[in-house]
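Taking it in order: structure first as structure tokens, then the write-up.
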Amino acid sequence: MPKQIMQAEPGRGNYFEDFYLGQVFKHATPRTVTDGDGALYIALTGSRHILHSAQPVAHALGYRDRTVDDLLAFHIAFGKTVPDISVNAVANLGYADARFLLPVYPGDTLSTSSTVIGLKQNSSGNNGVVYVHSVAHNQNRQAVLEWKRWVMVHKQDLARPAPVTVIPELPAVVPVERLQIPEFLDGRQFETALTGGQKLWDDYAPGERINHPAGMTVDDSDHTLATKLYQNNARLHFDEQMMKATPFGRRLMYGGHVISICRSLSYDGLENALGIAAINAGTHSNPSFGGDTFTTWTEVLERWELPGRKDLGALRLRMVGVKNLPSRELPHRHVEQNGKQVYHTNVVLDLDYTVFMPRR
Amino acid sequence: MPKQIMQAEPGRGNYFEDFYLGQVFKHATPRTVTDGDGALYIALTGSRHILHSAQPVAHALGYRDRTVDDLLAFHIAFGKTVPDISVNAVANLGYADARFLLPVYPGDTLSTSSTVIGLKQNSSGNNGVVYVHSVAHNQNRQAVLEWKRWVMVHKQDLARPAPVTVIPELPAVVPVERLQIPEFLDGRQFETALTGGQKLWDDYAPGERINHPAGMTVDDSDHTLATKLYQNNARLHFDEQMMKATPFGRRLMYGGHVISICRSLSYDGLENALGIAAINAGTHSNPSFGGDTFTTWTEVLERWELPGRKDLGALRLRMVGVKNLPSRELPHRHVEQNGKQVYHTNVVLDLDYTVFMPRR
Amino acid sequence: MPKQIMQAEPGRGNYFEDFYLGQVFKHATPRTVTDGDGALYIALTGSRHILHSAQPVAHALGYRDRTVDDLLAFHIAFGKTVPDISVNAVANLGYADARFLLPVYPGDTLSTSSTVIGLKQNSSGNNGVVYVHSVAHNQNRQAVLEWKRWVMVHKQDLARPAPVTVIPELPAVVPVERLQIPEFLDGRQFETALTGGQKLWDDYAPGERINHPAGMTVDDSDHTLATKLYQNNARLHFDEQMMKATPFGRRLMYGGHVISICRSLSYDGLENALGIAAINAGTHSNPSFGGDTFTTWTEVLERWELPGRKDLGALRLRMVGVKNLPSRELPHRHVEQNGKQVYHTNVVLDLDYTVFMPRR
């Protein structure tokens, strides 16, 4: 046996004390997204959204090709940030100001970079919150999507002084003027027969609640295949042995995949939501595990005209993901607990996002 | 909390009273089929059929490219019909007169339409049988495959009068004159070394039974991934919570995927069956579930010359799918029960179909 | 019921007495490898290796396109040999002298042929060892990879005389002069920011041990999907019913897929290992099953300069796969048992292989 020299811890990532304001990460392993990823995404979610499903339809609406599903692009771009930002995370606390800037097409290659825009050490001194602004570019150096998120990260060297607290200003919602809807997209070319949904932008009313009828059970193989496809290497999703020693007791489902499942389940009732323009806010309110069955409801929050367009409008939606209960049986997201409103234990997702949809 | 207006039931589908004779459905969500779907289909079935596996071989035989597996194309085209035809089905009763008309290539986009060709309310008045003729077209408006099926569908508004009973005439078998074998396909260019099977059309005899040696266990993730890939959204395949309350007690495997598994298992012994020309009749004789192990036998029913061709012939086959027993241990599909011949409880599939195969 | 004529056993394969020295097999079912296979491979392994992940990066380094993962190509080429060589195998005993000769690109079609280079009947007379040399070619008849392996195969007709024993000379290691590193590959164009790993060839020292931090649980659906993707039809990986009657009691994981999982886990710490040049030796030291969690360590065995090149060097590595224990908790591969060194029961893989890596 040769003398063993142990290598300095590989894949160590960054701890709270390693981050500083203005720090820039160019995340590793750019990723070419292909028709293969698109097929797998359909197999993993059952997605039927038309722009990702049918090349001739996308083409007739002005797109160069079918587009890569917005959330598939998001998860792949997000996965790139994990080794630098969140491999030592205690929890992913929230998302804000996510904007989908340009379509991603099969064959495009995504790279992600992030900038630290806020830091706050927790009172315990054992961890702190890191705020990052991440941007994904395609191979032509065009920004295709961006988002902000904040994560609680472990501190390893507790002796290091706390940084100055900086909490960035985050918009509660991406306003309509900041939505990037493709100019070439011609909503007048759209036919509802293609999606099977009769309702267009004009037919939704703020306050409306849609109980999407479908439910989907997600097994361990499903969510781990998805998360590996996204090249997200956060260990708590994959290592059953390691997770047995935690309070979870087993592999935790990647919250982003829960968003994808719920978005796919929301097809019936929102068939003509062509694409996602923004994610305004998102909370993974309870953990999900292999074997959980998901159902979804959507609340219509706002209906916006898009500046200068008569063919398309925007809907701000609240998508609520529920596990192991039909969503229609749950009247509210919250329940009262000790005088406080807390999420119902079966509510796993509360996502505020904006779609664009053809008008009458 | 905003005032909630509940949306009329989305994804409701059609009940028995909603169907009428001559009714035409243009089903939603056309689907571009890609190399990604082809790779997934291989991963889900273990298929080794040469036309779908090897581009240069397909090309040498006259095809433009590898073809999309016949059954993959069928399942995708079939999946499109579910939201309109069978989302409220009690049972899928049978198939007939399915014909594969043109090859489907990676990059093609499939759309399906259906016409109601028969209706019969059951004596209970609670449901009825709907007969449909479905046709799938590619992006060039060419019909690539068609089939007839009949499903038992729930009636919701029991007060509605029964329709006039019309039962369409369905052929017991697609006759040889109606098989569409590609004219460009040159069977003389075929080499058995490519498939590893020495037997050609001339070497099979009606009455022959082939016990295919392989067995395959299909887990819940496998069949749900497949069925989502086919964009078949029938809920009983996906929602474990909902299914727990049914006599099945769990998610039911999509019967079409059982056909695919058995067809793949039948490779050893039928290596040179280049493609499927027709499905004459099909019965899902017992339900299948995640964890079931499938084996298969094939009976050669007929050997047909193809008009005007010396390079290729057709074989009419009966493929029997068995669960949780080696097929060779089962002498017959049927057993006697109370003086009646019924399917053995381990027989899950009885499919009468026609393939084309090179001749000596 | 028609008179049944049973077909001679299909998919029978070859038994020990069917092999003879110099025998050549042209294995069936060539396979076109596509972007779909690439996406699935990422989903099945979590691979982040740059040449397979990012088209523009591969292109900048001189490749025509992203390459197909070396091990994916290997498994597909290997799977072709199963029906002729090892469908009746008792055990896959070892690999040697595997060389990766040319890049495989999406769209390439692989065919494999094998030559019997050695035979040795075991003293029991019930089985024997078959040594084969296998070569995979692309559609342009270029050899892209080759390997030698030896398998123990059942004898069926025990009356047949034993063949003359011939044991081929197998190199313990593929020497540096026989490594085929693409001439066009320009290591000076490489940037470590792309992979997230700072260490280059110069920074590794023989004797060094790298405990890769990640662990991955592999479920039954994962390994069976992978093995079907490889079109490897060895029944013991798929047929739970059949395996219940064996001492294993359940489906056995394909050892090649364990190599893939470990290789993917070894990314953190070996980020800049661009590709595999050779597999010198390999042992599947214990069986693996669905539900096992894998971790990996790597020992650096040798660091070689490549003749005539200053941009790239080779590292000979020993990758050890461990199940259900963090690899860092295991100091040695072996334990003493009755005075003999045997593999620790949790060590499932011992692979000696050679990679190429950019130099400083």
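Across segment C:272-293, the qualifying residues are those that are more than 14 Å from chain A (Cβ to nearest Cβ) and open to solvent by 10 Å² or more (accessible area, probe 1.4 Å), and the one among them that is farthest from C:Pro171 (Cα to Cα) is C:Pro287.
Taking the criterion of being more than 7 Å from every other protein chain (Cβ to nearest Cβ), open to solvent by 10 Å² or more (accessible area, probe 1.4 Å) and aliphatic (A, V, I, L, M), the only residue of segment B:182-204 that qualifies is B:Leu200.
Only one of the listed residues (B:Ala98, B:Ala77) is in contact with a Leu (Cβ under 6 Å, 6 or more places away or on another chain), among the hydrophobic types (A, V, I, L, M, F, W, C) and on the phi < 0 side of the Ramachandran plot. That residue is B:Ala77.
Name every residue in segment C:334-354 that is in contact with an Asp or Glu (Cβ under 9 Å, 6 or more places away or on another chain) and in contact (Cβ under 8 Å) with a residue 40 or more places away in the chain, in order of residue number. Give the steps one after another, and end with the answer.
Pass one, segment C:334-354, residues in contact with an Asp or Glu (Cβ under 9 Å, 6 or more places away or on another chain): C:342-343, C:348, C:354.
Correct list: C:Tyr343, C:Val348, C:Thr354.
Table: residues versus (1) touching a helix residue (DSSP H, G or I) at 6+ places or on another chain (Cβ under 6 Å); (2) hydroxyl-bearing (Ser, Thr, Tyr); (3) under 30 Å from C:Gly125 (Cα atoms).
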| site | (1), (2), (3) |
| --- | --- |
| C:Ile167 | no, no, yes |
| C:Pro171 | no, no, yes |
| C:Pro175 | no, no, no |
| C:Thr192 | no, yes, no |
| C:Leu200 | no, no, no |
| C:Ile210 | no, no, no |
| C:Pro213 | no, no, no |
| C:Asp220 | no, no, no |
| C:Tyr230 | yes, yes, no |
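Look at segment A:205-243 and say how many of its residues are hydrophobic (A, V, I, L, M, F, W, C) and farther than 25 Å from A:Gly36 by Cβ.
Total satisfying the criteria: 6.
Would you check if there is a residue in segment A:111-118 being at pLDDT 95 or above, hydroxyl-bearing (Ser, Thr, Tyr), part of a loop (DSSP other than H, G, I, E, B) and open to solvent by less than 40 Å² (accessible area, probe 1.4 Å)? No, that holds for no residue. Selection of segment C:201-260 for residues being among the hydroxyl-bearing types (Ser, Thr, Tyr) and over 20 Å from A:Leu225 (Cα atoms) yields C:Tyr204, C:Thr246. Within segment C:153-163, the set of residues being in contact (Cβ under 8 Å) with a residue 60 or more places away in the chain and in a loop (DSSP other than H, G, I, E, B) comprises C:Lys155, C:Gln156, C:Asp157, C:Arg160, C:Pro163. Contact map, segment A:232-251: first residue more than 14 Å from C:Pro213 (Cβ to Cβ), second residue surrounded by 12 or more Cβ atoms within 10 Å (Cβ to Cβ) and among the small types (Gly, Ala, Ser), Cβ cut-off under 7 Å, separation 6 or more or different chains; pairs are A:Asn232/A:Gly79; A:Arg251/A:Gly290. Does segment B:85-93 contain any residue that is more than 9 Å from chain A (Cβ to nearest Cβ), open to solvent by less than 10 Å² (accessible area, probe 1.4 Å) and within 30 Å of A:Arg328 (Cα to Cα)? Within segment B:85-93 (the criterion being more than 9 Å from chain A (Cβ to nearest Cβ), open to solvent by less than 10 Å² (accessible area, probe 1.4 Å) and within 30 Å of A:Arg328 (Cα to Cα)), the answer is yes, since at least one residue qualifies.
Considering only segment A:205-244, state which residues are outside any helix (DSSP H, G or I), within 7 Å of chain C (Cβ to nearest Cβ) and open to solvent by less than 20 Å² (accessible area, probe 1.4 Å). Spell out the reasoning first.
Here is the first cut: in segment A:205-244, the residues outside any helix (DSSP H, G or I) are A:205-219, A:230-234, A:238-239.
So of that shortlist, the ones also within 7 Å of chain C (Cβ to nearest Cβ) come out as A:231, A:233, A:238-239.
Within segment A:205-244, A:Gln231, A:Phe238, A:Asp239 meet the criteria.
Among residues that are polar (S, T, N, Q) and in contact with a helix residue (DSSP H, G or I) (Cβ under 8 Å, 6 or more places away or on another chain), B:Thr246 is included. Might you check whether a residue that is modelled with pLDDT under 95, under 18 Å from the mean Cα position of the chain (by Cα) and away from chain B (no Cβ under 14 Å) occurs anywhere in segment C:74-84? No, there is no match, as no residue in segment C:74-84 is modelled with pLDDT under 95, under 18 Å from the mean Cα position of the chain (by Cα) and away from chain B (no Cβ under 14 Å).
For every residue, the table says whether it meets (1) open to solvent by 10 Å² or more (accessible area, probe 1.4 Å); (2) within 12 Å of another protein chain (Cβ to nearest Cβ); (3) at pLDDT 95 or above.
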site	(1), (2), (3)
A:Val258	no, no, yes
A:Leu270	no, yes, yes
A:Val300	no, yes, yes
A:Glu305	yes, no, yes
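One residue stands out in segment C:247-256 among those that are out of contact with any Ser or Thr (no Cβ under 7 Å at 6 or more places or on another chain) and within 18 Å of C:Ser86 (Cα to Cα): the one that is nearest to the other protein chains (Cβ to nearest Cβ), namely C:Leu252. From the list A:Ala43, A:Ala58, the lone residue that is in a helix (DSSP H, G or I), open to solvent by less than 10 Å² (accessible area, probe 1.4 Å), within 7 Å of chain B (Cβ to nearest Cβ) and touching a Lys or Arg at 6+ places or on another chain (Cβ under 7 Å) is A:Ala43. The set of residues in segment A:307-342 that are assigned to a strand (DSSP E or B), open to solvent by 60 Å² or more (accessible area, probe 1.4 Å) and out of contact with any Leu (no Cβ under 6 Å at 6 or more places or on another chain) comprises A:Glu336, A:Gln337, A:Lys340, A:Gln341.
Listed here are the residues, each with its yes/no results for (1) farther than 30 Å from A:Pro30 by Cβ; (2) of a type in the set (A, V, I, L, M).
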position	(1), (2)
C:Ala159	yes, yes
C:Pro163	yes, no
C:Pro168	yes, no
C:Glu177	yes, no
C:Glu191	no, no
C:Leu200	no, yes
C:Gly215	no, no
C:Ser221	no, no
C:Thr227	no, no
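Against the definition (open to solvent by less than 20 Å² (accessible area, probe 1.4 Å), modelled with pLDDT under 95 and over 24 Å from the mean Cα position of the chain (by Cα)), how does C:Pro10 come out, yes or no? When the stated conditions are applied, C:Pro10 passes them.
Taking each residue of segment B:125-152 that is without any contact (Cβ under 8 Å) to a residue 40 or more places away in the chain and within 14 Å of chain A (Cβ to nearest Cβ) and looking for partners that are among the aliphatic types (A, V, I, L, M) and open to solvent by 40 Å² or more (accessible area, probe 1.4 Å) with beta-carbon atoms closer than 8 Å, six or more apart or interchain, yields B:Asn138/B:Leu102.
The values are calculated or read from the model by the stated rules, or taken from the named source; none is laboratory data. From a predicted model like this one, the values you see are computed outputs, not experimental measurements. Using ideal geometry, Cβ is built from the backbone for each residue, glycine included, and neighbour counts are taken over all protein chains shown. Heads up: the accessible areas ignore ligands, DNA and RNA and are worked out on the full protein's heavy atoms, side chains in. Shrake-Rupley method; radii C 1.70, N 1.55, O 1.52, S 1.80 Å.
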